[in-house]
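> Right, I'll just put the structure down here and ask away after.
The values are calculated or read from the model by the stated rules, or taken from the named source; none is laboratory data. Being a predicted model, the structure only gives us computed values, none of them experimental. Cβ sites come from the backbone with ideal geometry, for glycine too, and all protein chains shown count toward neighbours.
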Amino acid sequence: MLGKRKKYYWDSCSFIKWLDEKGDRMDIDGLAEVVKAVENGHAYLFTSELTKTEVLEGKMAAEQSDKFKRLFQRRNVVPVDVTGRVLGLSKQIREWNSKISTPDAIHLATAIIYEADEFHTTDGGGKRKRGGDLLPLDGNVAGHNLRICRPKADQYNLLSGVGPLPETKDN
């Protein structure tokens with residue numbers, strides 16, 4: 001019997017990175033692993049309907065657009081409506097930290113209300129630090145406990161050339 005299925009929330013930058021496959025290889029492999037878990041029925045993936053506006057399909061290659069649409073055809077990939085409740089909490093989040101953008105506050109509020117196990121983003125993972133970065137908020141978003149992290153792959157893509165070295169034992 002399968003254990004409890006994890007509920008992952010992706011903000012728009014996670015979808016863009018997954019579609020482009022550019023940037024940090026560990027992030028890309030982590031996102032691919034989440035998609036694999038979703039495709040195998042071991043996890044749920046959800047995001048705000050706002051994501052469909054932020055991820056501009058018109059700027060994607062046809063293959064990327066098809067990949068994006070196919071993912072949302074799965075029953076365990078759920079776009080969540082922006083409701084009054086979401087907007088109310090996003091307002092509280094922005095009052096708590098006015099440097100958080102309105103779209104990011106909506107993403108955070110959606111993840112909190114719908115009880116994400118993990119909120120995946122790369123926002124705030126670069127060298128340039130900003131007051132509205134999301135990764136530093138891990139564990140506390142306006143008093144709400146939310147796990148915010150970069151997606152992590154348990155098994156690295158062997159073709160990417162990255163990943164942990166095998167352990168050796170000296171006896």
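> What residue, among those in segment 56-85 that are among the aliphatic types (A, V, I, L, M) and touching a Phe, Trp or Tyr at 6+ places or on another chain (Cβ under 9 Å), is farthest from N145 (Cα to Cα)?
Step by step, filter segment 56-85, then rank; the result is M60.
> Pick out the one residue from D29, D11 that is within 16 Å of the chain's Cα centre (by Cα) and closer than 18 Å to P103 by Cβ.
D11
> What's the number of the only condition in (1) within 17 Å of F15 (Cβ to Cβ); (2) touching an Asp or Glu at 6+ places or on another chain (Cβ under 8 Å); (3) at pLDDT 95 or above that D123 fails to meet?
With (1) within 17 Å of F15 (Cβ to Cβ); (2) touching an Asp or Glu at 6+ places or on another chain (Cβ under 8 Å); (3) at pLDDT 95 or above applied to D123, the lone miss is (3).
> Further, regarding this structure: Exactly one condition in (1) touching a Gly at 6+ places or on another chain (Cβ under 6 Å); (2) at pLDDT below 95; (3) not aromatic (F, W, Y) is not met by I100; state its number.
(2) is the only condition that I100 fails.
> Within segment 11-21, take every residue that is over 18 Å from A111 (Cβ atoms) and in contact (Cβ under 8 Å) with a residue 12 or more places away in the chain and give me the one that is surrounded by the fewest Cβ atoms within 10 Å (Cβ to Cβ).
Filtering first and then ranking leaves D20.
> Is it true that K17 is among the charged types (D, E, K, R) and in a helix (DSSP H, G or I)?
Criteria met by K17.
> When segment 97-115 is examined, which residues are found to be surrounded by fewer than 16 Cβ atoms within 10 Å (Cβ to Cβ) and assigned to a helix (DSSP H, G or I)?
T102
> For segment 112-141, name all the residues that are farther than 18 Å from T47 by Cα and polar (S, T, N, Q).
Of everything in segment 112-141, just one residue is farther than 18 Å from T47 by Cα and polar (S, T, N, Q), namely N140.
> Then there's this: Quick check on this structure: which one of E63, E39, E54 is within 14 Å of the chain's Cα centre (by Cα), on the phi < 0 side of the Ramachandran plot and acidic (D, E)?
That would be E54, the only listed residue that is within 14 Å of the chain's Cα centre (by Cα), on the phi < 0 side of the Ramachandran plot and acidic (D, E).
> The conditions are (1) charged (D, E, K, R); (2) surrounded by fewer than 16 Cβ atoms within 10 Å (Cβ to Cβ); (3) outside any loop (DSSP other than H, G, I, E, B), and K7 fails exactly one of them. Which is it?
(2)
> Looking at (1) modelled with pLDDT under 95; (2) of a type in the set (F, W, Y); (3) touching a strand residue (DSSP E or B) at 6+ places or on another chain (Cβ under 9 Å), find the lone condition where F68 falls short.
(3)
> Go through segment 126-166 and report how many residues are modelled with pLDDT under 65 and outside any loop (DSSP other than H, G, I, E, B).
Summing the residues that are modelled with pLDDT under 65 and outside any loop (DSSP other than H, G, I, E, B) in segment 126-166 gives 3.
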